[in-house]
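Visitor: Please see the structure below; I have some questions.
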Amino acid sequence: MAHAPIRLLIAASGTGGHLFPAIALAEQLSDYQIEWLGVPNRLETQLVPKQYPLNTIAVEGFQQGFGLSSLRTLGRLINSVLSVRKLLQQGKFQGVFTTGGYIAGPAVIAARSLNLPVILHESNALPGKVTRFFGPWCSAVAVGFDVAASYLPRAKTVCTGTPVRSQFLDEGIAASLDLRIPEGVPLIVVFGGSQGAVAINKLVREAAQAWFDVGVWVVHLTGEKDANADNLQHPQYISLPFYSNMAALLRRANLAITRSGAGSLTELAVCGTPAILIPYPFAAEDHQTYNGSVFTTAGAALMFQQSELTAEMLQTKVLSLLQSPELQTMALKAKAIAVPDSAEKLAQLMREVLEK
């Protein structure tokens, strides 16, 4: 007699860095019945594939200090825990997977109150506060970087890498690039993560003319919030708020200029794309600098703090890299960091925990 499929609740919300690894895992667990837990009006309402029913709760993080807003947040947290607990019971779920962030709190508390196993995936080199607090409550914490385990001494950690969407693993996907870029020309891709990066955009626009003069093309993904996105016009410059085929773009690029969010770094590594990293200066606990340090230590990227970087410095560094064999070395070292079978490793861990 066939067994009923295992029912899994995935709690992942907010940004591509939280959502894409969870989607990649879900694709590996095609024999499971999976539902999603998210927050209304966040990116999951657009990105989560339709085959996974989306349940939403109202939850938010605690701000600094304690006051009426903290009491309201605590009230919402309690209500969220009760809502998730009811969902887990009524849906007869057998386990929970989460990628951290605000949504992990109610998901972990509710699951553990029902004695259900939980696996948490942490993609950053410096685990977030939620992971550090709830990690010991979980059956296992899967980490994207080995160094993250040193910050989680009381949790059971397993280094799986961070999963990427399947298209990033296709080495021939650059052929599907539908932008008007001539073959063989040097290409720089500039992007600021899923939110864009206005400060990086400004630096690039000021530096780009010298790159054009030596035949370089630039694809610049500006995000939706840059009022000056149309200020630069040039035949070798393509400015878009967003581009969906990032896998093809990164495979084609000779160099990327970007933030150092864990999701972006994972995609760069799998594609073997050398990078200049400019960590987001307001990231929680400066975790993007910790992420970037993994790549600079390995020789896969250069990193500059936004407060210290000028357009002239960026212009000069890019020109020297494009004329140097160092760029090819960086590409090879980026590839060496990659864990291309991360989704399979994470799925195997999930099966070991849920099916034992």
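Visitor: Mind listing whichever residues of region 287-305 are in contact (Cβ under 8 Å) with a residue 40 or more places away in the chain and surrounded by fewer than 24 Cβ atoms within 10 Å (Cβ to Cβ)?
Guide: His287, Tyr290, Ser293, Val294, Met303
Visitor: Is it fair to say Ala174 is under 30 Å from Val219 (Cβ atoms), in contact with a Gly (Cβ under 9 Å, 6 or more places away or on another chain) and of a type in the set (A, V, I, L, M)?
Guide: Details: under 30 Å from Val219 (Cβ atoms): yes; in contact with a Gly (Cβ under 9 Å, 6 or more places away or on another chain): no; of a type in the set (A, V, I, L, M): yes.
Spelling it out, it is not the case that Ala174 is under 30 Å from Val219 (Cβ atoms), in contact with a Gly (Cβ under 9 Å, 6 or more places away or on another chain) and of a type in the set (A, V, I, L, M).
Visitor: Given the conditions (1) without any contact (Cβ under 8 Å) to a residue 24 or more places away in the chain; (2) among the hydrophobic types (A, V, I, L, M, F, W, C); (3) part of a helix (DSSP H, G or I), which single one is not true for Phe242?
Guide: Looking at each condition in turn, Phe242 falls short on (3).
Visitor: While we're on this one: Identify the residue in region 125-154 that is among the aromatic types (Phe, Trp, Tyr) and in a helix (DSSP H, G or I) and, among all such residues, is surrounded by the fewest Cβ atoms within 10 Å (Cβ to Cβ).
Guide: Step by step, filter region 125-154, then rank; the result is Phe133.
Visitor: Here's something else I'd like to know. Tell me which of these Gly144 doesn't satisfy, since it passes every other one: (1) modelled with pLDDT under 95; (2) in contact with a helix residue (DSSP H, G or I) (Cβ under 8 Å, 6 or more places away or on another chain).
Guide: Gly144 satisfies every listed condition except (1).
Visitor: Here is a follow-up. Quick check: is even one residue across region 195-208 in contact (Cβ under 8 Å) with a residue 60 or more places away in the chain and closer than 28 Å to Pro340 by Cα?
Guide: yes
Visitor: Please go through region 261-286 and give me each residue that is surrounded by fewer than 24 Cβ atoms within 10 Å (Cβ to Cβ), assigned to a loop (DSSP other than H, G, I, E, B) and of a type in the set (A, V, I, L, M, F, W, C), ordered by number.
Guide: Phe282, Ala283, listed by residue number.
Visitor: Something else about it: Which ones in region 147-173 are more than 15 Å from Ala262 (Cα to Cα), small (Gly, Ala, Ser) and out of contact with any helix residue (DSSP H, G or I) (no Cβ under 8 Å at 6 or more places or on another chain)?
Guide: Scanning region 147-173 gives Ala149, Ser150, Gly172.
Visitor: Let me ask something else. Write out, first by first residue and then by second, each pair whose Cβ atoms fall under 6 Å of each other, whose residues are 6+ apart or on separate chains, and whose first residue, in region 325-339, is under 16 Å from Ser293 (Cα atoms) while the second is β-branched (Val, Ile, Thr) and part of a helix (DSSP H, G or I).
Guide: Within 6 Å, the pairs are Ala338/Val270.
Visitor: Next question, about the same structure. Would you confirm whether or not region 333-342 contains a residue that is crowded, with 19+ Cβ neighbours inside 10 Å and part of a loop (DSSP other than H, G, I, E, B)?
Guide: yes
Visitor: Using the structure shown, decide if Thr15 is crowded, with 16+ Cβ neighbours inside 10 Å, within 23 Å of Leu265 (Cα to Cα) and either over 25 Å from the mean Cα position of the chain (by Cα) or modelled with pLDDT of 95 or more (or both).
Guide: no
Visitor: Okay, moving on. May I ask you to verify whether Ala229 is more than 20 Å from the chain's Cα centre (by Cα), surrounded by fewer than 22 Cβ atoms within 10 Å (Cβ to Cβ) and touching a residue at least 24 places away in the same chain (Cβ under 8 Å)?
Guide: For Ala229, the condition - more than 20 Å from the chain's Cα centre (by Cα), surrounded by fewer than 22 Cβ atoms within 10 Å (Cβ to Cβ) and touching a residue at least 24 places away in the same chain (Cβ under 8 Å) - is met.
The values are calculated or read from the model by the stated rules, or taken from the named source; none is laboratory data. It should be emphasised that the depicted structure is a prediction, and the values quoted were computed from it without experimental measurement. Here the Cβ is made from the backbone with ideal geometry for all residues, glycine too, and neighbour counts use every protein chain on show.
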